[in-house]
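Peer 1: Following this message is one structure expressed as structure tokens.
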């Protein structure tokens with residue numbers, strides 16, 4: 001064993017440095033579910049900038065220093081406060097915001113979000129089948145992005161009373177509003193559980209279509 005280590009110390013050092021890089025600087029995150037439709041698809045692999053918000057001690061949630069402020073509209077990866085699962089959602093409200101939802105329509109700081117005319121789509125859900133989907137562009141302040149609604153789903157927590165986001169906490173919602181395990185279910189997310197900001201799709205493949213590459217999504221930027 002000692003001989004193997006001595007003969008391969010360069011490779012071992014590389015793997016250790018690579019591991020530290022992934023846990024402290026940059027990472028990639030495969031998209032496993034439909035919760036961010038229509039903007040992220042199953043089979044996308046996104047680049048995550050771990051230095052967008054905080055410098056942390058590698059392999060921990062211990063923050064060394066703040067490097068940037070999470071913004072409303074950022075797509076972020078984080079550890080779920082309920083069970084530690086890594087999730088990817090969009091920041092909908094930041095500390096100090098007062099946010100509510102009524103029948104899928106957001107109001108932030110007293111200003112109702114605006115919505116474009118809907119476009120029809122289809123959502124395939126395992127063990128359920130194909131459902132009607134409605135896609136619109138939601139604009140709340142400077143944040144503007146596409147979201148998807150599923151009118152046939154009755155238990156999607158389409159409304160909640162106004163809540164003011166306390167210091168150091170963030171509200172996360174999935175873009176696929178009626179098919180997302182987000183802050184409506186798991187609660188607000190403390191800053192120390194943020195992993196990083198998802199900035200672009202690196203590569204993408206149709207995992208339900210023989211893994212055919214979706215080259216039009218390669219290096220696609222993820223904006224607000």
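The values are calculated or read from the model by the stated rules, or taken from the named source; none is laboratory data. Note that the structure is predicted; figures quoted are calculated from it, not measured. Please note: Cβ atoms are built from the backbone with ideal geometry, for glycine as well, and neighbour counts cover all protein chains shown.
Peer 1: Is it true that residue 142 is out of contact with any helix residue (DSSP H, G or I) (no Cβ under 8 Å at 6 or more places or on another chain), modelled with pLDDT under 95, exposed (fewer than 12 other Cβ atoms within 10 Å of the Cβ) and closer than 17 Å to residue 173 by Cβ? Step through it out loud before you land on a result.
Peer 2: Details: out of contact with any helix residue (DSSP H, G or I) (no Cβ under 8 Å at 6 or more places or on another chain): yes; modelled with pLDDT under 95: yes; exposed (fewer than 12 other Cβ atoms within 10 Å of the Cβ): yes; closer than 17 Å to residue 173 by Cβ: yes.
Judged against the criteria, residue 142 is a match.
Peer 1: Counting just the residues of the stretch 42-61 that are outside any strand (DSSP E or B), touching a residue at least 40 places away in the same chain (Cβ under 8 Å) and touching a strand residue (DSSP E or B) at 6+ places or on another chain (Cβ under 7 Å), which one comes out farthest from residue 211 (Cα to Cα)?
Peer 2: Just the residues of the stretch 42-61 that are outside any strand (DSSP E or B), to begin with: 42-43, 50-53, 57-61.
When the remaining residues are screened for being touching a residue at least 40 places away in the same chain (Cβ under 8 Å), the result is 42-43, 50-53, 61.
Okay, now just the ones that are also touching a strand residue (DSSP E or B) at 6+ places or on another chain (Cβ under 7 Å), so 43, 50, 52-53.
On the way: 43: 8, 50: 28, 52: 31, 53: 33 Å.
It comes out as 53.
Peer 1: Tell me which residues, restricted to the stretch 102-119, are touching a strand residue (DSSP E or B) at 6+ places or on another chain (Cβ under 7 Å) and either under 16 Å from residue 74 (Cα atoms) or free of Cβ contacts under 8 Å to residues at least 60 places away in the same chain (or both).
Peer 2: Here is the first cut: in the stretch 102-119, the residues touching a strand residue (DSSP E or B) at 6+ places or on another chain (Cβ under 7 Å) are 104-109, 112-116, 118-119.
Of everything in the stretch 102-119, those that are touching a strand residue (DSSP E or B) at 6+ places or on another chain (Cβ under 7 Å) and either under 16 Å from residue 74 (Cα atoms) or free of Cβ contacts under 8 Å to residues at least 60 places away in the same chain (or both) turn out to be 105, 106, 107, 108, 109, 112, 113, 114, 115, 116, 118, 119.
Peer 1: At least 2 residues that are over 15 Å from the mean Cα position of the chain (by Cα) and free of Cβ contacts under 8 Å to residues at least 60 places away in the same chain in each: list the strands (runs of 3 or more DSSP E) lying fully within the stretch 120-224 that qualify. Walk me through how you get there before you give the answer.
Peer 2: Values: elements: 129-140, 143-149, 160-164, 169-173, 194-206.
Strands (runs of 3 or more DSSP E) meeting the threshold: 129-140.
Peer 1: Give the residue, chosen from 136, 201, that is at pLDDT 95 or above and touching a helix residue (DSSP H, G or I) at 6+ places or on another chain (Cβ under 9 Å).
Peer 2: On the way: 136 fails: touching a helix residue (DSSP H, G or I) at 6+ places or on another chain (Cβ under 9 Å).
Result of the check over 136, 201: 201.
Peer 1: I'd like to know if the stretch 73-91 contains one or more residues that are touching a helix residue (DSSP H, G or I) at 6+ places or on another chain (Cβ under 7 Å), surrounded by 13 or more Cβ atoms within 10 Å (Cβ to Cβ), modelled with pLDDT of 95 or more and in a strand (DSSP E or B). Break it down into steps so the answer makes sense when it comes.
Peer 2: Kept after step one, since they are touching a helix residue (DSSP H, G or I) at 6+ places or on another chain (Cβ under 7 Å), are these residues of the stretch 73-91: 78-82.
Checking which are surrounded by 13 or more Cβ atoms within 10 Å (Cβ to Cβ) leaves us with 78-81.
Remaining after also requiring modelled with pLDDT of 95 or more: 78-81.
Still in the list and also in a strand (DSSP E or B): 78-79.
Within the stretch 73-91 (the criterion being touching a helix residue (DSSP H, G or I) at 6+ places or on another chain (Cβ under 7 Å), surrounded by 13 or more Cβ atoms within 10 Å (Cβ to Cβ), modelled with pLDDT of 95 or more and in a strand (DSSP E or B)), the answer is yes, since at least one residue qualifies.
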